[in-house]
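Below is one structure, written out as structure tokens; the observations come after it.
The values are calculated or read from the model by the stated rules, or taken from the named source; none is laboratory data. A quick note: this is a predicted structure, and the numbers were derived from the prediction, not measured. Every residue, glycine among them, receives a Cβ derived from its backbone with ideal geometry; neighbour counts consider all protein chains shown. When the accessible area is computed, the model is the full protein with side chains, heavy atoms only, and any ligands, DNA or RNA have been set aside. Shrake-Rupley method; radii C 1.70, N 1.55, O 1.52, S 1.80 Å.
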Amino acid sequence: GYANEVGEAFRALVPAALVWASYGVATAYVSADAVDKGRKAAAAAPADERPARVGVAVVDTFVWQGLASVAIPGFTINRLCAASLLALRSLTRWPLPVRRWATTALGLSAIPVIVKPIDRQV
């Protein structure tokens, strides 16, 4: 579910198409989770309530996962990496490849830190 954060962390080093592909992977995960929750809701609900409960489970899961696993973390890592690349350019004399790798390392190291606070907020 957090494939796009890894993609965003590597944005300074890889073609943009790979970053967008990481969003495809994350969206596939979110969709699969929503379908799974819908199936579980269908199995647990009485027949007369099944369509409503399945719909609520699928939409709730898709929206929550979309925000908590894709949109907000992706935006956060994107902005963190962009700011760090800019700061490193201004504050250091490191060559561009070193700055890009440092930005990627920072982005990757931030992923475990941002997950729980974002999940709680969403």
inquiry  = Take the conditions part of a helix (DSSP H, G or I) and out of contact with any helix residue (DSSP H, G or I) (no Cβ under 9 Å at 6 or more places or on another chain) and apply them to A26. Does it pass?
reply    = no
query = Looking at (1) open to solvent by less than 60 Å² (accessible area, probe 1.4 Å); (2) in a helix (DSSP H, G or I), can you tell me which one V14 breaks?
reply = (2)
query = Taking the stretch 26-54, which residues are open to solvent by 30 Å² or more (accessible area, probe 1.4 Å), in contact with a Gly (Cβ under 8 Å, 6 or more places away or on another chain) and either aliphatic (A, V, I, L, M) or not assigned by the TED database to the domain that holds E8 (or both)?
reply = V54
ask   = For the stretch 34-122, which helices (runs of 4 or more DSSP H) that fit wholly inside it have 1 or more residues that are touching a Phe, Trp or Tyr at 6+ places or on another chain (Cβ under 6 Å)?
value = 96-121
ask   = What is the number of the single condition among (1) at pLDDT 95 or above; (2) closer than 26 Å to D119 by Cα; (3) surrounded by fewer than 20 Cβ atoms within 10 Å (Cβ to Cβ) that G1 does not meet?
value = (1)
query = Filter the stretch 55-71 for residues that are out of contact with any helix residue (DSSP H, G or I) (no Cβ under 7 Å at 6 or more places or on another chain) and under 21 Å from V19 (Cα atoms); which is most open to solvent (accessible area, probe 1.4 Å)?
reply = L67
Filter result for the condition that a residue is touching a Cys at 6+ places or on another chain (Cβ under 6 Å) and closer than 17 Å to G7 by Cβ, over G74, G107 = G107
request  = Just give me the residues in the stretch 72-109 being closer than 14 Å to L13 by Cβ, open to solvent by 30 Å² or more (accessible area, probe 1.4 Å) and small (G, A, S), in sequence order.
outcome  = A82, A102, A105
